[in-house]
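Enquirer: If you scroll down you'll find the structure; I have some questions about it.
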Amino acid sequence: MVKGYPHGPMATARPGRSGCPGIAPICPVGYVRGVATTFTVLAEPTRRRILDLLREQPRSVGELVDELGLTQPGTSKHLRVLREAGLVRVRRDAQRRWYELRVEPLVEIDSWLAPYRRLWGESLDRLERHLDTMD
């Protein structure tokens with residue numbers, strides 16, 4: 001019996017290797033956690049704005065504070081979350097810290113989104129063909 005499921009099919013289920021009762025693992029758990037963490041981090045609009053700024057060039061905390069209109073502690077907290085998620089790296093230069101974008105996690109997300117992008121492309125192509133027949 002799985003704790004929290006006193007009745008029904010889950011009552012006799014045993015946790016699988018995925019850690020979820022009755023669910024077979026379909027991909028490495030670490031991969032899912034990594035992608036989920038990245039999406040969670042990117043859900044915050046300020047963090048997306050920071051990545052947009054870092055896409056242009058590496059920046060110091062002071063530059064980011066000026067661009068974002070946030071306090072230095074607030075900006076630093078967002079940078080810490082981005083750094084812990086592996087989306088930015090910090091480089092020290094004397095007394096300044098320069099933050100740079102890391103593209104590897106974004107490439108992983110882009111790869112995951114590719115089939116969905118193709119799906120949208122096919123749907124838009126069908127819509128275009130349908131609209132062309134209406135003329």
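Enquirer: Using each residue's phi in region 41-52, evaluate 6.51 cos²θ - 1.76 cosθ + 1.60 at θ = phi - 60° and report the 3J(HN,Hα) Karplus result to the nearest Hz, with x for Gly and Pro.
Expert: So the J values, rounded to whole Hz, are 5, 6, 5, 7, x, 5, 5, 5, 5, 4, 4, 4.
Enquirer: Next question. Near the amide H of E44, under 5 Å away, which other amide H atoms are found, from residues 5 or more places off or on another chain, if H is placed in the peptide plane?
Expert: none
Enquirer: Can you list residues from other chains, or at least 5 along the same chain, whose modelled amide H is less than 5 Å from the amide H of V88?
Expert: R83, R102
Enquirer: With a Förster radius of 22 Å, plug the Cβ-Cβ distance of L106 and E67 into 1/(1 + (r/R0)^6) and report the FRET value to the nearest 0.05.
Expert: With a Förster radius of 22 Å, E is 0.65.
Enquirer: So who's got an amide H within less than 5 Å of the one on R59, skipping anything under 5 residues away but keeping other chains? H placed 1.01 Å off N, in plane.
Expert: Counting only residues 5 or more places away or on other chains, the set is Y99.
Enquirer: Here's something else I'd like to know. Quick one: which of 113-123, 58-68, 86-96 comes out on top by average Cβ neighbours within 10 Å, and what's the full order, highest first? Could you put the intermediate results ahead of the total?
Expert: Values: 113-123: 9.8, 58-68: 15.9, 86-96: 12.5.
Descending packing order for the listed peptides: 58-68, 86-96, 113-123.
Computed from the coordinates by the stated procedures, all read-outs in this text should not be read as laboratory data. These numbers come from a predicted model, not from an experiment. Here the Cβ is made from the backbone with ideal geometry for all residues, glycine too, and neighbour counts use every protein chain on show.
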